[in-house]
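Since the structure comes first, as structure tokens, the remarks are kept for the end.
The values are calculated or read from the model by the stated rules, or taken from the named source; none is laboratory data. Please read all numbers here as calculations on a predicted model, not as lab measurements. Cβ sites come from the backbone with ideal geometry, for glycine too, and all protein chains shown count toward neighbours.
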Amino acid sequence: MLRSILLTALLAIAGIAPAVAQAPTVEVGHAWARATPGGAKTAALYMTLVNKGADDDRLVSIYQQASLFVQASCVRDVYGNVAAKTELMGLTTLEAMACGLPVIVSADGGSLPELVTDTRFGAVFKDEVDLASLLRRHQSGIWPPLGGQAAAREHAISIYSLATYGRKLADFYAAAHTRRIRGRVCAS
């Protein structure tokens, strides 16, 4: 049985629960929180959010109330065997970065670690010890550095937005068309 540790998890600051409660088209699953020591100024809430409606603004609002996005996908089952199919949920990582969230993703490939190219806004973990260390750095304010949120958004928009892909596609077809026309002109 595949043990999917897909914690399409939002480490949230206080206040995210009311935003989710007001979003009837956003389904919350597998929500849990770890006990925090007395006097703790922050806490972590883990959940899977599924947008079942067309209200993308509500989902953006939820992202914007979080302080960090964690995508932890596992490609191994409970017996340690590599699963035939990984969970390719990189779009949620891009959504989070586009909303200005720093991200932490797993190195095993299930969460597309190649999307995280700059330590100012992203980190990749190897195992649960590494993940715990990254979460402690975040909780203590060591990471991300100042400007990390803006860098995350800039990265996602400048490389993966529809406008960027549209320009690249238009340039590709314009160049192909030019080569085709030049080929015909030279042949006649």
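Some notes on this structure:
- Test: residue in the range 120-133 that is crowded, with 19+ Cβ neighbours inside 10 Å, modelled with pLDDT of 90 or more, of a type outside the set (Lys, Arg) and in contact with a Lys or Arg (Cβ under 9 Å, 6 or more places away or on another chain): yes
- For the range 75-94, the criterion of being touching a Phe, Trp or Tyr at 6+ places or on another chain (Cβ under 9 Å), at pLDDT 70 or above, within 29 Å of Glu154 (Cα to Cα) and in a loop (DSSP other than H, G, I, E, B) is met by no residue.
- Residue within the range 103-115 that is at pLDDT below 85 and loosely packed, with under 10 Cβ neighbours inside 10 Å present: no
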